[in-house]
Amino acid sequence: MTALPLGMLPRGLNRDQAAAYCGCESLDAFDDWVRRGIVPGPMAGTRRWDRKAIDRALDRRSGLLAASAAGQSWEEWAAQHAD
């Protein structure tokens, strides 16, 4: 298998990679997120998670996707969600 160029992320992630990409501290935590619908499961017929599908699910969950659809900038969204 050929390695990806430096800085290029794979689109299809294995379970360990998908859990790490989501910031989950354990595979059990990641499996719980999948079960609860926070992130999607693997692509049909595979054991690979689509990185872009994970991004979209997390954007939707955080409210970022709705903000973008409403024409709100990332900066405006960030200001509303600041600690």
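Each value in this text was obtained by applying a stated rule to the coordinates, not by laboratory testing. What you see is a predicted model; the values in this text were computed from it and never measured. When we count neighbours, we look across all protein chains shown, and the Cβ atoms used for this are built from the backbone with ideal geometry, even at glycine.
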Quick one, which of (i) 1.10; (ii) 1.25; (iii) 1.33 is the actual Cα Rg over 2.2 N^0.38 Å calculated for this model?
(ii)
Where chymotrypsin sites (Phe, Trp or Tyr not before Pro) fall in DSSP loop in the stretch 24-83, at most 11 other Cβ within 10 Å
none
Expressed as a rounded percentage, what relative contact order does the chain have, with Cα pairs under 8 Å and six or more residues apart?
23
Assigned charges on the beta-carbon of Lys, Arg, Asp, Glu; the chain dipole about Cα centre (debye)
480
Neighbours of G41 by Cβ distance under 11 Å: Lys/Arg at +1, Asp/Glu at -1, summed charge +2
